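Beneath this line is the structure, given in structure tokens, with notes to follow.
The values are calculated or read from the model by the stated rules, or taken from the named source; none is laboratory data. Here the structure is a predicted model, which means the values were calculated and not measured. Reconstructed Cβ throughout: ideal geometry from the backbone, glycine too, with neighbour counts over all protein chains shown. For the accessible areas, the whole protein counts, side chains as well, though only heavy atoms, and no ligand, DNA or RNA atoms are used. Shrake-Rupley method; radii C 1.70, N 1.55, O 1.52, S 1.80 Å.
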Amino acid sequence: MRVPTMQDEPMNALTQLIDRWTEALTPEHLRQDIQVYKRVRMFILSHLFGPFLGHPVTIYLFLNDPNPWPHVHILGLSVTLFWFFPIALQFFPRRYELLAITSVANLNFAILITAYHFGGVSSPLLMWFLVVPLLAFFYLGSGVRTSVAIFAQIVIGLAAFYAVYLMNRSFPMHIPLEEMVDVTMISMLCASLYIFFMASYYASVVDSQSELLKEIDRHQATMDDLTAAKEEAERANGAKSEFLAKMSHELRTPLNAVLGYSEILLEDAELDGNGEQIADLQKISAAGKHLLAMVNDILDISKIEAGKTELFLEDVDLDQLIEEIEVTARPLAAKNTNVFEVIKDGELGTAHLDLTKLRQATFNLLSNASKFCQNGKITLEVKTIEQDGRPMLSMAVHDTGVGISEEALASLFQNFTQAHASINAKFGGTGLGLSLSKNLCRLMGGDITADSVLGEGSVFTITVPMRVEALAPAEMSEEAVDETLKDAAAELRKLNEADQMLSTSADANSPSLGTVLVVDDDPEYLEIMDRMLRKENLNPILTSDPASALHLARTVRPALMLIDVLMPDVDGWELVETMKNDPVTRDVPTIMVSIMDDPKSGAPQLADGFMSKPVDSAKLRKALQLHLGKKAA
């Protein structure tokens, strides 16, 4: 890197002064393009200082020519005219190219008329002719059009110069050549100073541009590093979310088994009247349900981050929804002796959105309000509003609870974040509910905002569109297609094992109220369902192979089918659709069972019912009574 010296300081000061002058005279319109901007500055600079170096020649010729009229006066006028071009540029900034070409033509004319009258082809003033193409490219750049225009000017000027000579067959001799030594030295000095001055200024511009380009390269390198780091972080976060989303069965299946077995043991303990075991089993069941709810929240957030969450849009009667929320939320608020009130802005009408996700977000807010508010008031205010010309649904949850500080509000919607560290010890919770609720609302094109005053209460407002747009479906890659084909081939191979499983189950048949076909990939869940169904005097046919389910159903013709939604090889919804399209099994009632409290919007058309895991005895009895009649009650 070059170190500035003391000799550089005067030049730098002069350059800065010139920069201020040229900056003031440059029209705003010509500052947009950096290349044009630099050319305009060179144009203004040369026209400000050029006449000062041209007029010494004019003065010398005027003083030494015995008959200076009119050629010396024309030269003086032509040189003086250069000062008016920057002024003309202020009035006609969009005619810059025309002004530049006119200026070059004026210089060409001044040089040739002076050379013709003072020495002809031997004139010491012809050296200025070399400046013409230099200035032309400074002003206009090196484009083809510029090159053609300047070359044409030079050719036309020289042709006119020679044509005038041919007409007279001689050049005027106003001053003898031997007496023009002084003007030759003056001309050489002025031309050299002019070229030196313009070249120095151009070099400073190029140097500053080089520094700017180096700075741009440094910033670009930094941006590339930041982009790479951001992409790496996104990949790591995506891998984490993908991992957690795929761990759905591995995390929830053991919990479902714990809850299922605890339910069976709890019923047995109640029948035996063992109070101590009942209390212990109730604690196990409550702890398992709490852990399952936390795992569900973590996996829901991970699915959203991994882009695997779907929207199941349907037309929702908002007035009916608010009534259902009120029925559920009123006893929730009453636990801490809170008053619950609903304020509704008239008839809300129908919205097209994901009912389950909206209800989940709303219940999260109401649950938090009920938890952090004691002996107070909780208000659900619902109305429709306009936002950016779009109809929106606004659901605000007001509470008179402990409130939240401004510092805590800034990070309130982050994962595993609570308003204060002491809240977990006093009220419990994982800090996932608000983050999940916000993500669910954003997935529908809405948001959740919070406003709070410490010690006075809080307001959390859900805002979602009245008509939510469906997410674009992800395209299936070639690898996914190949994998699907492999899975289909595996399913076909498994059909050969169906008969053996059927015969094994059929041997266990005994007189019962009916046969129930259970399809699930979890052996422990199948064992739990086997015990529950036998307690209801039903004959269960169990299979962990979804590919064999249709074959079994056609052969056994069960009175009811329980089909899991999430299975590794087959989508439960596709299986039930196959069942409903088969003439033998289409009339068999089908209940879909899933670890997700989120049935597809098409469930009523495909299946006859839906149950969420873990399935307890009360849920099962209610479903059996509904679909098999009183004999199963």
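Within the stretch 316-359, being within 21 Å of Gly445 (Cα to Cα) and of a type in the set (Gly, Ala, Ser) holds for Gly349, Ala351. Counting the residues of the stretch 56-87 that are surrounded by fewer than 16 Cβ atoms within 10 Å (Cβ to Cβ) and either farther than 21 Å from Ser187 by Cα or not aliphatic (A, V, I, L, M) (or both) gives 12. Within the set Phe171, Phe109, Phe129, the sole residue that is in contact with a Gly (Cβ under 9 Å, 6 or more places away or on another chain), of a type in the set (A, V, I, L, M, F, W, C) and assigned to a loop (DSSP other than H, G, I, E, B) turns out to be Phe171.
Looking only at residues of the stretch 143-180 that are β-branched (Val, Ile, Thr) and out of contact with any helix residue (DSSP H, G or I) (no Cβ under 8 Å at 6 or more places or on another chain), we find that the one that is farthest from Val79 (Cα to Cα) is Val144. For Ala419, the criteria (1) exposed (fewer than 15 other Cβ atoms within 10 Å of the Cβ); (2) modelled with pLDDT under 50 hold in every case but one, which is (1).
Looking at Ile264, Ile195, just one residue is at pLDDT 75 or above and closer than 30 Å to Ala136 by Cα, and that residue is Ile195.
Okay, residues lined up against (1) of a type in the set (A, V, I, L, M); (2) free of Cβ contacts under 8 Å to residues at least 24 places away in the same chain; (3) assigned to a loop (DSSP other than H, G, I, E, B):
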| residue | (1), (2), (3) |
| --- | --- |
| Tyr525 | no, no, no |
| Met532 | yes, no, no |
| Ser548 | no, no, no |
| Pro558 | no, no, yes |
| Trp573 | no, no, no |
| Val576 | yes, no, no |
| Met579 | yes, no, no |
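Go through the stretch 131-142 and count every residue that is free of Cβ contacts under 8 Å to residues at least 40 places away in the same chain, open to solvent by 50 Å² or more (accessible area, probe 1.4 Å) and in contact with a helix residue (DSSP H, G or I) (Cβ under 8 Å, 6 or more places away or on another chain). Summing the residues that are free of Cβ contacts under 8 Å to residues at least 40 places away in the same chain, open to solvent by 50 Å² or more (accessible area, probe 1.4 Å) and in contact with a helix residue (DSSP H, G or I) (Cβ under 8 Å, 6 or more places away or on another chain) in the stretch 131-142 gives 1. The set of residues in the stretch 566-586 that are buried (at least 20 other Cβ atoms within 10 Å of the Cβ) and modelled with pLDDT of 85 or more comprises Leu575, Val576, Met579, Thr585.
The set of residues in the stretch 153-191 that are open to solvent by 70 Å² or more (accessible area, probe 1.4 Å) and of a type in the set (Ser, Thr, Tyr) contains only Tyr162.
Does Glu215 satisfy the condition of being over 60 Å from the mean Cα position of the chain (by Cα) and at pLDDT below 85? Write out each step before concluding.
Details: over 60 Å from the mean Cα position of the chain (by Cα): no; at pLDDT below 85: yes.
Criteria not met by Glu215.
Kindly establish whether Phe118 is farther than 30 Å from Asp33 by Cα, out of contact with any Lys or Arg (no Cβ under 6 Å at 6 or more places or on another chain) and of a type outside the set (A, V, I, L, M). Yes, satisfied. Consider the stretch 361-386 and keep the residues that are open to solvent by less than 10 Å² (accessible area, probe 1.4 Å) and either aromatic (Phe, Trp, Tyr) or outside any helix (DSSP H, G or I) (or both). The one that is modelled with the lowest pLDDT is Cys373.
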